[in-house]
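Chemist: Dropping a structure here in structure tokens format, bear with me for questions.
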Amino acid sequence: MISKRIRTLLWKVYLLKDAILKKKVYTELSNLAKTLEEDVFRRLLEKGALEVSIDVTGPGLKISPSDSFIPVSEDAAGFFKNLGVSRIEADTCLESNQMMDILKDIYAMKHSSIAAEGYNAYCAITRFFPETGLLSIKYHYCELDYSKAVRGIKEASGYRDHRVFFEKATRFGILTGIAVVAAGLTFPYLPRQLSVILSIMAGIGAGIIVFIAMQVLGSLEYDKEYLEKRLKEKK
């Protein structure tokens with residue numbers, strides 16, 4: 001687990017290098033991905049279209065079945081040309097951040113290292129066919145880290161379901177309240193430097209708690225949205 005996290009961290013650092021060197025083109029690609037998600041994909045989903053085909057040309061992107069066209073700069077066109085990508089087939093449920101993360105990864109990987117079964121990352125499976133220049137990006141459900149953590153807590157409990165959180169809510173709430181009150185009563189009587197240090201640590205701790213809580217809520221909402229999507233597909 002630790003080695004996997006270290007490899008992930010090193011990979012992110014390596015990607016940061018590309019993001020800095022190619023900041024201009026990555027900014028354009030990010031705006032392009034947002035346009036696809038918020039405009040093109042949204043309109044196609046409203047019409048019931050689940051897939052989109054994008055022809056990459058010098059002047060821009062020709063999109064079917066919407067028959068729309070998005071112009072791109074020479075830098076962006078060159079980005080796809082260097083990758084050997086002349087066409088992109090994608091699911092219309094993809095998000096802009098997914099597409100950008102995938103583009104950054106395959107640029108760093110030089111797509112030749114993408115396995116035949118595809119590159120499974122960012123809740124999508126990416127395949128590249130060099131003989132035709134086709135880049136295929138298909139949505140694929142994945143369990144997020146915080147969803148795994150929630151599942152682990154449930155499996156370790158006696159209930160093995162949502163009741164464990166209701167059971168622990170009162171206890172954790174009381175302990176947190178006591179800790180905050182104790183800190184507030186103690187800090188004025190401590191040396192100033194120690195009081196400042198503890199206040200900073202308390203602030204960082206509170207920030208981390210809020211961050212984790214929001215990440216957990218995001219993971220749960222992601223699972224909920226996926227289940228709703230599956231239910232709609234079965235109707």
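Chemist: Please say if region 135-196 is rounded, prolate or oblate, where rounded means a/c under 1.5 for a ≥ b ≥ c the square roots of the C-alpha gyration tensor eigenvalues, and otherwise the choice is prolate for a/b larger than b/c and oblate otherwise?
Modeler: oblate
Chemist: Let me ask something additional. What are the semi-axes of the equivalent ellipsoid of the chain, taken as the square roots of 5 times the eigenvalues of the Cα gyration tensor, listed largest first and rounded to whole Å?
Modeler: Numbers: eigenvalues 367, 115, 59 Å².
Semi-axis lengths for the chain are 43, 24, 17 Å.
Chemist: As I understand it, the dipole of the chain uses +1 on the Cβ of Lys and Arg and -1 on the Cβ of Asp and Glu, about the Cα centre. Which of Gly58, Val180, His140 lies farthest toward its positive end?
Modeler: Going by the Cα projections, it comes out as Val180.
Chemist: What FRET efficiency comes out for the pair Ala182/Ile6, r = Cβ-Cβ distance, R0 = 45 Å, nearest 0.05?
Modeler: On the way: r = 37 Å, r/R0 = 0.82.
It comes out at approximately 0.75.
Chemist: Please tell me the relative contact order of the chain in percent, rounded to the nearest whole number, where contacts are Cα pairs under 8 Å and at least six residues apart. Write out the running numbers ahead of the final one.
Modeler: On the way: 206 pairs, mean separation 31.5, N = 235.
That works out to 13 percent.
Chemist: What GluC sites (Glu not before Pro) in region 58-154 are in a loop by DSSP, with at most 14 other Cβ atoms within 10 Å of the Cβ? Numbers along the way, then the final one.
Modeler: Details: sites: Glu74, Glu89, Glu95, Glu117, Glu131, Glu143; in loops: Glu95, Glu117, Glu131, Glu143.
Passing both the DSSP loop test and the Cβ count: Glu117, Glu131, Glu143.
Chemist: DSSP loop trypsin sites (Lys or Arg not before Pro) in region 110-198 with at most 13 other Cβ atoms within 10 Å of their Cβ, which ones? All intermediate terms of the calculation are to be shown ahead of the outcome.
Modeler: Values: sites: Lys110, Arg127, Lys138, Lys148, Arg151, Lys154, Arg160, Arg163, Lys168, Arg171, Arg192; in loops: Lys110, Arg160.
Passing sites in region 110-198 are Lys110, Arg160.
Chemist: Pull the list of the chain cysteines that no other Cys approaches to under 4.7 Å, Cβ to Cβ.
Modeler: That list is Cys93.
Chemist: Once a ≥ b ≥ c are taken as the square roots of the eigenvalues of the Cα gyration tensor of region 1-103, is the result rounded (a/c under 1.5), prolate (a/b larger than b/c) or oblate (a/b not larger than b/c)? Walk me through the intermediate numbers first.
Modeler: Numbers: a/c = 2.45, a/b = 1.49, b/c = 1.65.
It is oblate, given that a/c is not under 1.5 and a/b is not larger than b/c.
Chemist: What percent does the relative contact order of region 117-199 come to when contacts are Cα pairs within less than 8 Å and at least six residues apart?
Modeler: Working: 45 pairs, mean separation 10.5, N = 83.
Over region 117-199, the number comes to 13 percent.
Chemist: While we're here: Calculate the translational D of region 177-235 in whole µm² s⁻¹ from Stokes-Einstein, where the hydrodynamic radius comes from the Kirkwood formula applied to all Cα pairs, the temperature is 20 °C and the viscosity 1.002 mPa s. Spell out each step's value before the answer.
Modeler: Working: Rh = 14.5 Å.
Estimated via Stokes-Einstein, D reaches 148 µm²/s.
Chemist: List the DSSP H helices in the chain whose Cα atoms stretch 27 Å or more along the helix axis and whose mean Kyte-Doolittle hydropathy is at least -0.5. Could the numbers behind the result be given before it?
Modeler: Working: long enough: 2-21 (29 Å, 0.53); 163-186 (35 Å, 1.05); 192-234 (63 Å, 0.43).
Passing helices, by number: 2-21, 163-186, 192-234.
Chemist: Turning to a different aspect of this structure: From the Cα gyration tensor of region 48-129, with a ≥ b ≥ c the square roots of its eigenvalues, which class applies: rounded if a/c is under 1.5, or else prolate if a/b is larger than b/c, or else oblate? Intermediate results must be reported in sequence, preceding the final value.
Modeler: Values: a/c = 1.84, a/b = 1.16, b/c = 1.58.
Since a/c reaches 1.5 but b/c is at least a/b, the shape of region 48-129 is classed as oblate.
Chemist: Moving on to the next point. For a quick check: with amide H placed at 1.01 Å from N, whose amide H comes under 5 Å from Tyr119's, ignoring anything fewer than 5 positions away on the same chain?
Modeler: Residues meeting the criterion, in which the H sits 1.01 Å from N, are Thr126, Arg127.
Chemist: What 222 nm value per residue comes from the helices of the chain, counting each DSSP H run with n ≥ 4 as -39,500 (n - 2.57) and dividing by all residues, nearest 500 deg cm²/dmol?
Modeler: Value at 222 nm, helices only: -20000 deg cm²/dmol.
Laboratory data are not the source of any read-out in this text; all were calculated from the coordinates shown. Because the structure is a prediction, the values reported are computed rather than measured. Cβ coordinates were reconstructed from backbone atoms using ideal geometry, including for glycine residues, and neighbour counts include every protein chain displayed.
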